[in-house]
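J.: One structure coming up, written as structure tokens, with questions to follow.
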Amino acid sequence: MVVSAHPLASQVGAEILSRGGNAIDAAIAVQFALAVVYPDAGNIGGGGFLVLRQKDGSVDALDYREKAPAAAHRDMYLDQEKNVIEDLSVKGHLAAGVPGTVDGMVKAHEKYGSMPWRDLVQPAIVLAAKGFPLTKKEAKKLNQQRADFLKYNTQRPSFILQHRWHEGDSLYFKDLARTLELIRDKGRAGFYEGPTANLLEAEMKRGKGLITKADLAAYQSVWRTPISGQVGKYRIISMPPPSSGGIALIQLLTIAQDYPLPAWGWNSVKSAHLMIEAERRVYADRAKHLGDPDFYKVPVAGLLDTAYIRRRMYGYSPGEATDSDDVYPGIPAPPESPHTTHYSIVDTQGNAVSVTTTLNSSFGCKVFVAGAGFLLNNEMDDFSAKPGYPNTYGLVGEEANAIAPGKRMLSSMTPTILEKDGKLYMVIGAMGGSTIITTVYQIIQNVTRFGFTMQGAVSAGRFHHQWLPDWVLAEWGALGPGTGVGLWVKGHKIAPKYGGIGRAAGILVLPDGRLEGGADPRGDDAAAGF
Ligand code: DON
């Protein structure tokens with residue numbers, strides 16, 4: 001089964017599985033297909049994280065996160081007075097980090113792939129060259145971005161039409177199809193060298209961006225040891241730094257384990273209050289302690305220590321909201337030694353892959369590499385441009401996540417796999433910037449503690465708190481009038497989140513071995529399987 005943000009990408013993955021490909025083969029094909037049919041986030045000009053659990057129980061994690069270009073520096077988004085220049089890290093060429101996706105897919109294939117590389121890239125080429133029908137939501141999003149596409153591109157992208165896009169219109173990307181052919185035929189070199197690298201460097205020069213051919217040649221994705229932790233009956237396997245997701249998720253689930261949430265009821269005042277208070281504290285830790293482990297000593301063991309996590313709930317009162325001004329990041333024990341759009345797949349053997357991949361904002365920095373036809377990320381905004389200055393998601397950071405050449409920016413992406421009694425249980429992850437962690441957290445709780453189905457857990461309303469800003473974001477209807485008022489009485493500030501919080505894709509292994517997909521109704525997401 002494959003669950004992804006677009007029905008055509010799910011179909012591509014299911015087709016690879018039915019031809020005998022394994023979960024990694026399908027993941028590679030889905031990544032490339034999403035780069036065509038879901039250009040808002042699917043990409044070859046961005047990056048991501050992949051968490052794998054093989055049928056024998058062995059686990060692995062691939063970090064293909066973007067890196068700051070060599071010419072990047074700590075204050076690159078500040079003016080003379082050291083104030084952050086609005087939008088510079090968000091839109092246009094300077095917002096782009098060095099892309100990691102193609103190198104990541106090549107490395108995943110070298111280590112775990114079973115089908116020929118070209119067969120995995122080919123379905124995306126067909127979609128890009130022949131075109132595919134636009135969904136209603138995608139047509140709307142392309143129309144919304146039109147002004148930005150015109151403003152930030154140095155050459156007008158071919159798909160910017162005079163008229164508005166409509167559902168069912170056929171969209172194709174000829175330049176992207178040619179770039180994908182180079183990747184199909186030459187692997188890594190098809191992207192990081194030759195014509196594609198030349199076009200990307202030329203694009204950067206025209207748009208005053210920083211990425212050079214040397215940056216591209218130097219880019220390497222890395223295999224990392226997944227974060228894992230036992231919470232109750234479940235083993236959580238998730239992404240380590242440079243994502244904050246795995247650590248934050250295990251902290252949140254560990255705290256919740258100490259409280260009788262099922263007895264308190266789903267999204268009741270008591271449950272929601274406890275979860276919000278936990279989130280407030282966990283995101284304060286994120287802001288202080290998390291960053292690229294290759295540049296900053298992240299105190300992973302200290303942050304995951306159960307006694308430390310419990311101590312973080314100091315000041316929690318069942319009766320009232322804590323003021324975020326009174327919450328400070330914790331001081332975890334130092335490490336003993338130096339440490340260093342979501343889709344879920346389960347193949348016929350029982351291998352599982354959980355991938356979150358991104359350009360950061362919708363359509364990244366809005367810049368297409370002219371002639372090569374792909375969009376670039378704006379992942380540089382995930383760095384802390386200045387201590388305490390909020391990024392696009394309102395997240396703040398300090399030294400741990402300051403900009404440095406070659407450094408990876410901190411992420412919230414949380415591709416996760418759960419085991420129960422040593423067996424594969426769930427594959428889950430989400431999009432949604434800072435809300436990814438709380439989305440994955442709530443879905444896991446919905447299934448493991450409140451008895452929801454996979455689909456029910458993904459569909460259910462969500463809420464979110466991230467320490468700063470000090471408010472609870474809630475989807476319409478997620479809290480119900482009783483809970484909303486009850487939280488307000490305790491002193492929580494509640495803000496409605498229109499358009500939804502996070503978008504998730506999950507697969508649950510049912511007791512009889514069948515798979516249940518959870519595709520998010522907030523998007524065009526679809527499960528495909530056989
Ligand atoms: O890595 C991160 O945390 C962000 N760049 C993820 C961006 C995201 O989920 C976009 N969706 N709203």
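J.: Give the number of residues within the range 56-84 that are open to solvent by 50 Å² or more (accessible area, probe 1.4 Å) and in contact with a Leu (Cβ under 7 Å, 6 or more places away or on another chain).
T.: So the count comes out to 1.
J.: Given the options 406, 433, name the one that is open to solvent by less than 30 Å² (accessible area, probe 1.4 Å) and away from the ligand (no atom under 14 Å from the Cβ). Explain how you work it out, then say what you get.
T.: Numbers: 433 fails: away from the ligand (no atom under 14 Å from the Cβ).
Sole residue among the options that is open to solvent by less than 30 Å² (accessible area, probe 1.4 Å) and away from the ligand (no atom under 14 Å from the Cβ): 406.
J.: Can you work out which of the residues in the range 356-371 that are away from the ligand (no atom under 13 Å from the Cβ) and surrounded by 24 or more Cβ atoms within 10 Å (Cβ to Cβ) is farthest from residue 160 (Cα to Cα)? Working first, answer last.
T.: Here is the first cut: in the range 356-371, the residues away from the ligand (no atom under 13 Å from the Cβ) are 366-371.
Going one step further and asking which of them are surrounded by 24 or more Cβ atoms within 10 Å (Cβ to Cβ), we end up with 366-369.
Working: 366: 12, 367: 13, 368: 11, 369: 14 Å.
So, considering only residues that are away from the ligand (no atom under 13 Å from the Cβ) and surrounded by 24 or more Cβ atoms within 10 Å (Cβ to Cβ), the one farthest from residue 160 (Cα to Cα) is 369.
J.: Considering only the range 366-380, I want to know if a residue exists there that is closer than 22 Å to residue 2 by Cα, under 20 Å from the mean Cα position of the chain (by Cα) and not hydrophobic (A, V, I, L, M, F, W, C). First the steps, then the outcome.
T.: Residues of the range 366-380 closer than 22 Å to residue 2 by Cα: none.
Scanning the range 366-380 turns up no residue that is closer than 22 Å to residue 2 by Cα, under 20 Å from the mean Cα position of the chain (by Cα) and not hydrophobic (A, V, I, L, M, F, W, C).
J.: Related question: For the condition touching a Pro at 6+ places or on another chain (Cβ under 9 Å) and at positive phi, what is the one hit in 422, 432, 406?
T.: 406
J.: Then there is this: Condition (residue is away from the ligand (no atom under 16 Å from the Cβ) and part of a helix (DSSP H, G or I)) applied to the range 459-471: is it met by at least one residue?
T.: yes
J.: Name the single residue, out of those in the range 510-528 being assigned to a loop (DSSP other than H, G, I, E, B) and in contact with a helix residue (DSSP H, G or I) (Cβ under 6 Å, 6 or more places away or on another chain), that is surrounded by the fewest Cβ atoms within 10 Å (Cβ to Cβ). Give the steps one after another, and end with the answer.
T.: Initial filter on the range 510-528 (assigned to a loop (DSSP other than H, G, I, E, B)): 510-514, 520-525.
Applying the additional criterion that residues be in contact with a helix residue (DSSP H, G or I) (Cβ under 6 Å, 6 or more places away or on another chain) yields 520-521, 524.
Numbers: 520: 24, 521: 12, 524: 21.
Among residues in the range 510-528 that are assigned to a loop (DSSP other than H, G, I, E, B) and in contact with a helix residue (DSSP H, G or I) (Cβ under 6 Å, 6 or more places away or on another chain), the one surrounded by the fewest Cβ atoms within 10 Å (Cβ to Cβ) is 521.
J.: Check off (1) out of contact with any helix residue (DSSP H, G or I) (no Cβ under 8 Å at 6 or more places or on another chain); (2) of a type in the set (S, T, N, Q); (3) modelled with pLDDT under 95 for residue 344 and give me the number that stays unchecked.
T.: (3)
J.: Looking at the structure I just gave you, is residue 184 open to solvent by less than 50 Å² (accessible area, probe 1.4 Å), out of contact with any helix residue (DSSP H, G or I) (no Cβ under 8 Å at 6 or more places or on another chain), under 24 Å from residue 357 (Cβ atoms) and at pLDDT 95 or above?
T.: Details: open to solvent by less than 50 Å² (accessible area, probe 1.4 Å): yes; out of contact with any helix residue (DSSP H, G or I) (no Cβ under 8 Å at 6 or more places or on another chain): no; under 24 Å from residue 357 (Cβ atoms): yes; at pLDDT 95 or above: yes.
No; evaluated as a whole, the condition is false for this residue.
J.: Something else now. Could you please give the count of residues in the range 120-156 that are assigned to a helix (DSSP H, G or I), open to solvent by less than 50 Å² (accessible area, probe 1.4 Å) and not β-branched (Val, Ile, Thr)?
T.: Applying the first criterion (assigned to a helix (DSSP H, G or I)) to the range 120-156 yields 120-130, 136-144, 146-152.
Filter again for open to solvent by less than 50 Å² (accessible area, probe 1.4 Å), leaving 120-121, 123-125, 127-129, 138-139, 141-143, 148-149, 152.
Retained after the next criterion (residues that are not β-branched (Val, Ile, Thr)): 120, 123-124, 127-129, 138-139, 141-143, 148-149, 152.
Of the residues in the range 120-156, 14 are assigned to a helix (DSSP H, G or I), open to solvent by less than 50 Å² (accessible area, probe 1.4 Å) and not β-branched (Val, Ile, Thr).
J.: Pairs needed: first member in the range 246-268, in the same structural domain as residue 300 (by TED's automatic domain parsing) and open to solvent by less than 20 Å² (accessible area, probe 1.4 Å); second member anywhere, among the small types (Gly, Ala, Ser) and not in a helix (DSSP H, G or I); C-beta distance under 6 Å; at least 6 residues apart or different chains.
T.: Close Cβ pairs satisfying both conditions: 246/238; 249/238; 250/229.
J.: Say we look at the range 379-390 and pick out the residues that are open to solvent by 20 Å² or more (accessible area, probe 1.4 Å) and out of contact with any strand residue (DSSP E or B) (no Cβ under 7 Å at 6 or more places or on another chain); which of these is nearest to the ligand (Cβ to nearest atom)?
T.: The extreme case among them is 390.
J.: With respect to residue 440, determine if the residue is more than 10 Å from the ligand (Cβ to nearest atom), crowded, with 24+ Cβ neighbours inside 10 Å, farther than 18 Å from residue 251 by Cα and modelled with pLDDT of 95 or more.
T.: On the way: more than 10 Å from the ligand (Cβ to nearest atom): yes; crowded, with 24+ Cβ neighbours inside 10 Å: yes; farther than 18 Å from residue 251 by Cα: no; modelled with pLDDT of 95 or more: yes.
Considered against the rule, which asks whether it is more than 10 Å from the ligand (Cβ to nearest atom), crowded, with 24+ Cβ neighbours inside 10 Å, farther than 18 Å from residue 251 by Cα and modelled with pLDDT of 95 or more, residue 440 comes out as no.
J.: Tell me which of these residue 38 doesn't satisfy, since it passes every other one: (1) open to solvent by less than 50 Å² (accessible area, probe 1.4 Å); (2) more than 19 Å from residue 364 (Cβ to Cβ).
T.: It fails just one condition, (2).
J.: Checking the condition β-branched (Val, Ile, Thr), part of a loop (DSSP other than H, G, I, E, B), under 22 Å from residue 246 (Cα atoms) and in contact with a helix residue (DSSP H, G or I) (Cβ under 9 Å, 6 or more places away or on another chain), which residue from 507, 444, 501 passes?
T.: Numbers: 507 fails: part of a loop (DSSP other than H, G, I, E, B); 444 fails: part of a loop (DSSP other than H, G, I, E, B).
Sole residue among the options that is β-branched (Val, Ile, Thr), part of a loop (DSSP other than H, G, I, E, B), under 22 Å from residue 246 (Cα atoms) and in contact with a helix residue (DSSP H, G or I) (Cβ under 9 Å, 6 or more places away or on another chain): 501.
J.: Okay, next question. What are the residues in the range 122-151 that are aromatic (Phe, Trp, Tyr) and either modelled with pLDDT of 95 or more or touching a Phe, Trp or Tyr at 6+ places or on another chain (Cβ under 7 Å) (or both), if any? Before you say what the answer is, go through the steps one by one.
T.: Within the range 122-151, the subset aromatic (Phe, Trp, Tyr) is 132, 149.
Selection gives 132 alone.
J.: Then there is this: Restricting to the range 391-403, give me the number of residues that are within 15 Å of the ligand (Cβ to nearest atom) and either open to solvent by 10 Å² or more (accessible area, probe 1.4 Å) or not in a loop (DSSP other than H, G, I, E, B) (or both).
T.: Of the residues in the range 391-403, 8 are within 15 Å of the ligand (Cβ to nearest atom) and either open to solvent by 10 Å² or more (accessible area, probe 1.4 Å) or not in a loop (DSSP other than H, G, I, E, B) (or both).
J.: Right, another one. Going by the structure shown, is residue 423 open to solvent by less than 30 Å² (accessible area, probe 1.4 Å) and either assigned by TED's automatic domain parsing to the domain that holds residue 473 or away from the ligand (no atom under 13 Å from the Cβ) (or both)?
T.: Working: open to solvent by less than 30 Å² (accessible area, probe 1.4 Å): no; either assigned by TED's automatic domain parsing to the domain that holds residue 473 or away from the ligand (no atom under 13 Å from the Cβ) (or both): yes.
Against the criterion (open to solvent by less than 30 Å² (accessible area, probe 1.4 Å) and either assigned by TED's automatic domain parsing to the domain that holds residue 473 or away from the ligand (no atom under 13 Å from the Cβ) (or both)), residue 423 does not qualify.
J.: Buried (at least 21 other Cβ atoms within 10 Å of the Cβ) and in contact with an Asp or Glu (Cβ under 9 Å, 6 or more places away or on another chain): which single residue out of 92, 97 fits that description?
T.: Details: 92 fails: in contact with an Asp or Glu (Cβ under 9 Å, 6 or more places away or on another chain).
On inspection, the qualifying residue turns out to be 97.
J.: Name the pairs whose Cβ atoms lie under 7 Å apart, with the first residue in the range 125-138 and in the same structural domain as residue 7 (by TED's automatic domain parsing), the second among the aromatic types (Phe, Trp, Tyr), and 6 or more positions between them or separate chains?
T.: Cβ pairs passing all conditions: 128/172; 128/173; 129/172; 130/172; 131/172; 134/165.
The values are calculated or read from the model by the stated rules, or taken from the named source; none is laboratory data. On a predicted model such as this, the values are computed, not experimentally measured, just so you know. Glycine also receives a Cβ, built like all others from the backbone with ideal geometry; neighbour counts cover every protein chain displayed. In case anyone asks, the SASA skips ligands and DNA or RNA and just uses the protein heavy atoms, side chains included. Shrake-Rupley method; radii C 1.70, N 1.55, O 1.52, S 1.80 Å.
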